[in-house]
């Protein structure tokens with residue numbers, strides 16, 4: 001211990017904090033000051049610790065409050081989406097002998113009518129309305145043979161699939177949450193599903209591209 005203490009004293013002397021010229025009186029002064037202020041510093045640390053603990057307690061309360069608010073918000077949104085979708089007509093057949101008419105009839109025969117409805121549109125129809133921008137690998141002369149089906153069997157989630165005649169287009173399907181549609185209503189967002197189906201949504205329209 002004496003050797004360690006001596007080594008530390010020499011290190012302090014090298015830094016100029018103490019000097020042997022006054023018999024290392026600065027060390028004795030520092031020790032005396034530390035003893036005199038020990039109680040005061042202990043009380044200060046206790047006050048600081050109490051302050052930190054109070055801050056943590058307030059943060060925990062705030063976090064709990066925000067968690068409850070978030071849960072309440074999510075419950076409200078889920079209920080609102082459920083109410084919104086449940087008010088829609090499930091099996092709207094459309095005009096007799098129309099694309100929608102035969103689509104719903106086939107679903108009814110197979111017993112696979114989605115809970116919240118299903119609608120079928122031609123790529124031509126979506127293209128002319130400005131909903132569909134382009135389809136990679138296809139030109140607009142083929143749009144009459146391409147169909148898009150939009151259906152929902154789960155609250156807040158839409159399933160979109162594309163087909164060419166009776167054949168499904170490889171990778172031409174995607175599940176799109178309603179939250180994503182609401183989010184991109186005011187912003188343009190590009191995202192890809194299954195590395196093959198990509199779309200951007202701007203304002204009230206989604207612009208699709210099949211790769």
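The values are calculated or read from the model by the stated rules, or taken from the named source; none is laboratory data. This is a predicted model, so every value here is computed, not measured. Note that we place each Cβ from the backbone using ideal geometry, even for glycine, and neighbour counts take in every protein chain shown.
Couple of notes before you dig in:
- Selected residue [within 30 Å of residue 155 (Cβ to Cβ), assigned to a helix (DSSP H, G or I) and at pLDDT 85 or above] from 43, 61, 68: 68
- Across region 16-40, the number of residues qualifying as within 60 Å of the chain's Cα centre (by Cα) and not in a helix (DSSP H, G or I) comes to 3.
Residue-wise test of (1) modelled with pLDDT of 85 or more; (2) surrounded by 17 or more Cβ atoms within 10 Å (Cβ to Cβ); (3) in the same structural domain as residue 104 (by TED's automatic domain parsing).
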site: 151; (1), (2), (3): yes, yes, yes
site: 156; (1), (2), (3): no, yes, yes
site: 160; (1), (2), (3): yes, yes, yes
site: 170; (1), (2), (3): yes, no, yes
site: 177; (1), (2), (3): yes, no, yes
site: 181; (1), (2), (3): no, no, yes
site: 184; (1), (2), (3): no, yes, yes
site: 189; (1), (2), (3): no, no, yes
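Results for (1) touching a strand residue (DSSP E or B) at 6+ places or on another chain (Cβ under 7 Å); (2) on the phi < 0 side of the Ramachandran plot; (3) without any contact (Cβ under 8 Å) to a residue 40 or more places away in the chain, shown as yes or no for each residue.
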residue	(1), (2), (3)
100	yes, yes, yes
106	no, yes, yes
120	yes, yes, yes
123	yes, yes, yes
128	no, yes, yes
131	yes, yes, no
139	no, yes, yes
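- Considering region 155-166, and only residues there that are in a strand (DSSP E or B) and over 19 Å from residue 183 (Cα atoms), the residue that is farthest from the chain's Cα centre (by Cα) turns out to be 164.
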